[in-house]
Amino acid sequence: MWWRKLEEKIIYLLMVISVASLVILLLAVLTSIFVKGAPYLSWEMVSQTPKGGYYFGREGGVLNAIVGSLYLSLGAILLSLAFSLPLSLAMNIHLRARPKIVNRIRFVLDILWGIPSIVYGAFGFTLMIYLGIKASLLAGIITVGIFIMPIMVRGMDEVMKNVPVSLIESAFSLGSTRMEVAFKVMVRQTIPGIATAILLAFGRGIGDVASVLFTTGYTDNVPTSLTQQTATLPLAVFFQLGSPIPEVQNRAYASALILTVIILVISIAVRFLSNKYYSNRH
Amino acid sequence: MNYKTRKLKDQLVSLWIRFMVLLVVALPLIIAFSLLYKSWLILGHSSLSELLFSSVWRPLAGEFGFFPFIVSSVWVTFIGLILTTPICLFSAIFLTYYGSRHLLRFMQPVIDILAGIPSVIYGVWGILVIVPAIGKYLAPMFGYESSGFSIMAGGIVLSVMLIPFILNILIEIFRTVHQDLFDASLSLGASKWQTIKHVVLRKSFAGIVSAFGLGLSRAFGETIAVLMVVGNVVGVPENLFQPGYPLPALIANNYGEMLSIPMFDSALMFAALLLMVVVVVFNIISRRTIIYLESKH
């Protein structure tokens, strides 16, 4: 008997260690980024574009990358919304009577969700050549838009699945068309959930390098049109870290900190929104 | 609004929706075919077995053997999975069966943030912490000399990135095991751990394997974080403390230069296709298993 008790104790200990290690790992990653990045973070970093000689350690900042990343992700969100909103509405309203088809679509979405972003990058690149556009903000928006689409649909589908059937059916019984049910009932009911899905996709879009590596190019200027090249924050981290000059490397750490803070703000917002959504419903 | 305009609007929107559904369902095929189309050139140039099993990589001389890259990818993925397995399994069991609701409420954001951190940040962390740790301590401990930029570093960074991904699926899978089964086992006098070991783990074994299958396909395609710490030296690595060069890193590193050489371009597209095929196959098998299990319960 005693060995069973011992086994139980050992397993329990291992489990506690595992759970604790999750917290420790998160703190380890965050502190190393904060400790290394914070000393080099300055107002100049976030408010200026790279000046002449920036990549030799002279003055400037990464405003181009911050704004570029925001433009890119916002554009991608808008593009992706045109796909994902109708798709999730279709799955939960138009195709409600045909669960087999809906499950098949969910399966395809899961497959799309699993495809690595570098493959989307390669696909975006061939698409770009096929359409005859150069590396630009637009090409990046198209690539990232496709890449985050399954993430967005999954989030929206998840909340729309949980809208009570009775609500949908009573709207239909009052003579609403499918479109009216979709936009006046479904969307209105699930706005916080949709916002959460958008934010999650935004976080994925803003942090990904592999999908934009070949499609956005890189420039020191803030882009003023869709056809211009653009820098992005993760790429800025990646490029600056590859420099042999210590000052530039330090700025990579500061840029990494900026990116981390953006991601943390997004996750807090997601948490806040989903809490609000659930407290509304119960 | 009169009936006719409402009807018309509904039909227009339905058309839009139908088009989007078709487009999305066709998207994996569109991606696969466009990559296949681009890799046609290299497939006509060398045989498939030559591409997959030759270790001669001389793009300028027209020799493309992907073997070193495939081996590196497999090693990095394997190390990542091995390291992440105990943490994921133990945490998932604890959070599902032992932890209080408060603990779960506290841990969920931790897991979410771990999942949300971009891979470039994990890469920076790897360079700051893991690479020097391997170069200074871990490699000498095993009697190797290493700069730290190695297969091992890639595997360790990858294992951390895989945790939230696999953990979430595992928790989901453990929840599909019926409470009745659990209670029945407890009422027969089994302890909690015995029940988990003999009932839960056995019952959800296929699901657990699928969760790691999904993790595997995730790991196989991870690009930037691994690229930053793995060293990127072409060659079949002899031990884990040597640098490697996984497939995604190959694609990412060579994109700028390859356009001038059509065969090189085609070779990289072939690499992307290969990556996609491996990932999609593992995904389909794992998803199917999970769906089958859920339908059974």
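The values are calculated or read from the model by the stated rules, or taken from the named source; none is laboratory data. Nothing here was measured: the structure is a model prediction, and the numbers come from that model. Cβ: placed from backbone, ideal geometry, glycine included. Neighbour counts: every protein chain shown.
Things to note:
- Meets criteria (within 22 Å of B:Arg218 (Cβ to Cβ), modelled with pLDDT of 90 or more, within 25 Å of the chain's Cα centre (by Cα) and surrounded by fewer than 23 Cβ atoms within 10 Å (Cβ to Cβ)) for A:Ile146: no
- Against the test of being of a type in the set (Asp, Glu) and within 24 Å of the chain's Cα centre (by Cα), the options B:Asp10, B:Asp112 yield a single qualifying residue, B:Asp112.
- Only one of B:Phe64, B:Phe33, B:Phe69, B:Phe53 that is touching a His at 6+ places or on another chain (Cβ under 9 Å) and either at the interface with chain A (Cβ under 7 Å from one of its Cβ atoms) or more than 30 Å from A:Val23 (Cα to Cα) (or both): B:Phe64
- Screening the candidates A:Val35, A:Val29, A:Val62 for the property of being buried (at least 18 other Cβ atoms within 10 Å of the Cβ) and within 11 Å of chain B (Cβ to nearest Cβ) yields one hit, A:Val29.
- Candidate set: region A:67-98, residues that are more than 14 Å from every other protein chain (Cβ to nearest Cβ) and β-branched (Val, Ile, Thr); chosen: the one nearest to the chain's Cα centre (by Cα): A:Ile77
- Pick from region B:182-240, criterion closer than 16 Å to B:Arg287 by Cβ and of a type in the set (S, T, N, Q), ranking: nearest to the chain's Cα centre (by Cα): B:Ser217
- Per-region count, region A:162-184, residues within 14 Å of another protein chain (Cβ to nearest Cβ) and outside any loop (DSSP other than H, G, I, E, B): 9
- Of residues in region B:10-51 being touching a residue at least 40 places away in the same chain (Cβ under 8 Å) and among the aliphatic types (A, V, I, L, M), the one nearest to A:Leu81 (Cα to Cα): B:Ile31
- Just one of (1) modelled with pLDDT under 90; (2) part of a helix (DSSP H, G or I); (3) within 9 Å of another protein chain (Cβ to nearest Cβ); (4) farther than 30 Å from B:Phe205 by Cα fails for B:Gly256. It is (2).
- Any hit, region A:6-16, residues being outside any helix (DSSP H, G or I) and modelled with pLDDT under 90: no
- Which numbered condition B:Trp193 misses (of (1) more than 10 Å from chain A (Cβ to nearest Cβ); (2) closer than 30 Å to A:Trp2 by Cα): (1)
- Considering B:Ala211, B:Ala190, the condition of being modelled with pLDDT under 90 and among the small types (Gly, Ala, Ser) is satisfied by B:Ala190 alone.
- Residues located in region A:90-110, provided they are over 19 Å from A:Arg188 (Cα atoms) and of a type in the set (A, V, I, L, M, F, W, C): A:Leu95, A:Ala97, A:Ile101, A:Val102, A:Ile105, A:Phe107, A:Val108, A:Leu109
- Residue in region A:88-99 that is modelled with pLDDT of 90 or more and out of contact with any helix residue (DSSP H, G or I) (no Cβ under 6 Å at 6 or more places or on another chain) present: no
- Residue in region A:175-194 that is hydrophobic (A, V, I, L, M, F, W, C) and closer than 30 Å to A:Leu259 by Cα present: yes
- Filter result for B:Pro28 (out of contact with any strand residue (DSSP E or B) (no Cβ under 8 Å at 6 or more places or on another chain), modelled with pLDDT of 90 or more, within 13 Å of chain A (Cβ to nearest Cβ) and surrounded by fewer than 15 Cβ atoms within 10 Å (Cβ to Cβ)): no
- Taking the criterion of being among the polar types (S, T, N, Q) and touching a Leu at 6+ places or on another chain (Cβ under 9 Å), the residues of region B:88-107 that qualify are B:Ser91, B:Thr96.
- Any hit, region B:228-235, residues being without any contact (Cβ under 8 Å) to a residue 12 or more places away in the chain and either out of contact with any strand residue (DSSP E or B) (no Cβ under 8 Å at 6 or more places or on another chain) or closer than 23 Å to A:Asp208 by Cα (or both): no
- Only one entry of B:Val131, B:Val157 meets the criterion of being at pLDDT below 95, within 14 Å of another protein chain (Cβ to nearest Cβ) and within 29 Å of A:Ile262 (Cα to Cα), and that entry is B:Val131.
- Index of the failed condition, B:Gln108 passing every other in (1) under 29 Å from A:Val265 (Cβ atoms); (2) not in a helix (DSSP H, G or I): (2)
- Taking the listed residues B:Ile166, B:Ile171, the one that is in contact (Cβ under 8 Å) with a residue 40 or more places away in the chain, surrounded by fewer than 23 Cβ atoms within 10 Å (Cβ to Cβ) and either farther than 18 Å from A:Val119 by Cβ or in contact with a His (Cβ under 9 Å, 6 or more places away or on another chain) (or both) is B:Ile171, with no other qualifying.
- Within region A:113-134, tally of residues that are crowded, with 22+ Cβ neighbours inside 10 Å and more than 9 Å from chain B (Cβ to nearest Cβ): 1
- Of the listed requirements (1) away from every other protein chain (no Cβ under 14 Å); (2) surrounded by fewer than 16 Cβ atoms within 10 Å (Cβ to Cβ); (3) modelled with pLDDT of 85 or more, B:His198 misses just one: (1).
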